[in-house]
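Below is one structure, written out as structure tokens; comments come after it.
Coordinate-derived values only; no laboratory data. Keep in mind it's a predicted model, so treat the numbers as computed, not measured. Using ideal geometry, Cβ is built from the backbone for each residue, glycine included, and neighbour counts are taken over all protein chains shown.
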């Protein structure tokens, strides 16, 4: 039995727009996934400490402190992709910026050809790597786990990080920034708009 990824995408978008904690939202998402595709690995995936954002907190500030954009950006793209690390594929997250942004949930073309491509863009997320490893182990869940959990965790963690950081560090020369998280080759979530007053919904 395979999950309806379209259904999961809609569910994730609603969770990101909510005020629930990462832990609560990830538990709800995993429960919905488990109901749609019963499998013993959901318990293992549920035991991951999604709420521990200390490593990501240190990472996300680094490119803005060391390599701030010299251009006025309009959007930030947090991309999910599958690099090879130590001869194994993993799931990973990176950040880049664009002078364009479209608040269209079906069009992320604005993120192509970024205007800000910092050297320290990669999160090196142990959580995303763990999700991928469990998803693709022998007789694992595969994309039924990778798609919803990586998209959800990436979006929810970026939302929480941007809520906790001084907006001026991220904004730089920009009055506001649209923020989206998603797969370079697929679906994404518009997390919101970062302003001087903080992250707001679009």
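In whole Å, how far is the Cα centre of region 68-99 from that of region 154-201? So the separation of the two Cα centres works out to 13 Å. Using R0 = 30 Å, the C-beta based FRET efficiency linking residue 201 and residue 133 works out to 0.35. Note on residue 85/residue 2: beta-carbon distance plugged into 1/(1 + (r/R0)^6) with R0 of 25 Å gives a FRET efficiency of 0.35. With respect to the chain, whose longest principal axis is taken over its alpha-carbon atoms, helix 54-66 is tilted by about 30°. Maximal additional length on extending the residue 117-residue 43 stretch stands at 22.9 nm, based on 0.36 nm per residue less the C-alpha distance.
Most tightly packed first, judged by the mean number of other beta-carbon atoms within 10 Å of their residues, the peptides 35-45, 8-18 read 8-18, 35-45.
Kirkwood radius for region 113-191, taken over all pairs of different Cα atoms as the inverse mean of 1/r, rounds to 14.4 Å.
Bridge orientation summary for the chain: considering DSSP beta bridges with both residues in this region, about 80 percent are antiparallel. By how many degrees, between 0 and 90 and to the nearest 10, does the Cα long axis of helix 126-135 differ from the longest principal axis of the chain? Roughly 30 degrees, rounded to the nearest 10. Assuming R0 = 22 Å, what is the FRET efficiency of residue 18 and residue 107, from their Cβ-Cβ distance, to the nearest 0.05? Calculated value: 0.40. Hull volume per residue, based on the alpha-carbon atoms of region 50-202 and their convex hull, is 108 Å³.
An ellipsoid equivalent to region 8-49, defined through the eigenvalues of its Cα gyration tensor, has semi-axes of 18, 13, 6 Å when rounded to whole angstrom and sorted largest first.
Exposure proxy shown here: for 161, 149, the number of other Cβ atoms within 10 Å sets the order, fewest to most, as 161, 149.
Relative to the longest principal axis of the Cα atoms of the chain, the long axis of helix 5-17 lies at roughly 50 degrees.
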